[in-house]
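Single-structure report; data block below.
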Amino acid sequence: SDAICNFVICNDSSLRSQPIIFNPDFFVEKLRHEKPEVFTELVVSNITRLIDLPGAELAQLMGEEDPKLPGANSTASGFFRSLMSLKRKEKGVVFGSPLTEEGIAQVSQLIEYLHKNLRAEGLFRVPGNSIRQQILKDALNSGTDIDLDSGDFHSNDVATLLKMFLGELPEPLLTHKHFHAHLKIADLTLFDEKGNKTSTPDKERQIEALQLLFLILPAPNRSLLKLLLDLLYQTAKKQDKNKMSAHNLALMFAPHILWPRNVTANDLQENITKLNNGVTFMIKHSQKLFKAPVYIRECARLHYLGSTAHTSKDDLDLLTSPGSKEMQPLKSQKRSRLDTCRQEETQQRTEEALKELFRHVHNMPDSAKKKKLIRQFNKHPTALTPGSDVPASPAPRRTRSRSFSGLIKRKVLGTPVILERKSRDTTPEPERVSKENVHLLQKCGSPAHVSQVKLKSLEGRKEESYRRTRALLLSKDSSSL
């Protein structure tokens, strides 16, 4: 098989500088050929993750039950089945026989010729000459070499003969077992924000499902399917010349490669549109469908490296490293570092919250509640009171009292007296207050103690100013009398 790589040791120094060709699906193909049961279980488990297959359809996909196809019990299907069986008895080793490597080698001559003649208008739609087609068919069945470039045959003859070969296979190229899976793939659509299905196809999931489904096709079917889809892809790229788009080509080939054998259009009914659109999608995305998904490659590689094979994409997503045993100590070290960082972050947030709480209490107006909270801070200095790194917020500027005594001052003393009092209080006050603050900080060493001493000094100055005002009022009254 061309998918298996052969490793050769090269001793020629002139060839060592050449680029090395590496097949990324090497381990996938190795697992398929050496352990087909493990490979099938790996792929099918991921197919069922993407599409919903009931028990009967899953058993058909696995080959445990005979596929139940539409129209299998009708009278018309029985007639077609008997007619096709009679035709196969008259055929040789290529046409009407099960697909083999020998048959693919013969048919590949037709595909190579068509790659050189893709510009013919109506290719695969316009029928060729029946006499020339019969000559070609006999030559292919007998195994003789054919010179298609001699000019004796037309590209329409070759294209029609290729469709005839596919139509006379005992089962479609995509096999009867995969029929229900392809119907489910056509129903894969996107979901909206509320989780409801939309009518927009989910192209990524469809490509992934087809990649998986193609992996479990029989090797001859997969090889020929790749050659055919590549030919149809190149044909659709030149649709400006041959007038054959991907959809037109799908209409020509869907009955041969996907429709169940011996059924009519009435048997399929509403599924015809799904099947035709499915083949159209295969033609458009054929360059991506024959690559194994990345997680299948990784699972196959891990299987041969002696590690435990992970059987689904979800399991593989949990891996953070290639899976070697040497990486386990590094994982534990990273996990411990992460836990330490989380603990430090939590502690830092707690300290910041305590600091913010202390600032809020310190900025509260003087009241019994504030004194109570400050006493609580002082009872637990190590847990609640912030350290020296917390900047002490400046004492809030007290607004002038609007009490009854203040109103008497303004009425009796008048504006000049108040202005004089303001000028007298504002000049020496900053220096005196700053000295007191420095003295208190040196003595107490805690913002909470400083605030308590400040409160006592402010209350003393308030009583002293009240006594002076009362003395002035008494002297004013005695002089008036």
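Worth a mention:
- In sequence order, calculated HN-Hα J values of the range 244-261 (Karplus, 6.51, -1.76, 1.60; Hz; x Gly/Pro): 10, 7, 5, 5, 5, 5, 5, 4, 6, 10, 4, x, 8, 10, 10, 5, x, 6
- Restraint check, Lys116/Lys163; Lys237/Lys288; Lys116/Lys243; Lys203/Lys243, Cα-Cα greater than 20 Å: Lys203/Lys243
- J(HN,Hα) series, the range 191-208, from Karplus relation 6.51 cos²θ - 1.76 cosθ + 1.60, nearest Hz, glycine and proline x: 10, 7, 5, 8, x, 8, 6, 10, 8, 7, x, 8, 5, 5, 5, 5, 5, 4
- Sequence-distant residues sharing a close amide H with Leu190 (under 5 Å, placed H): Thr198, Thr200, Asp202
- Under a 5 Å amide H cut-off, with hydrogens placed 1.01 Å from N, Asn129 pairs with Asp157 among residues at least 5 apart or on other chains.
- Area of Lys237 that stays accessible when all protein chains are in place (1.4 Å probe, Å², to 10): 130 Å²
The values are calculated or read from the model by the stated rules, or taken from the named source; none is laboratory data. The structure displayed is predicted, hence computed values, not measured ones. These area figures cover heavy atoms from the full protein model, side chains too; ligands, DNA and RNA do not enter into them. Shrake-Rupley method; radii C 1.70, N 1.55, O 1.52, S 1.80 Å.
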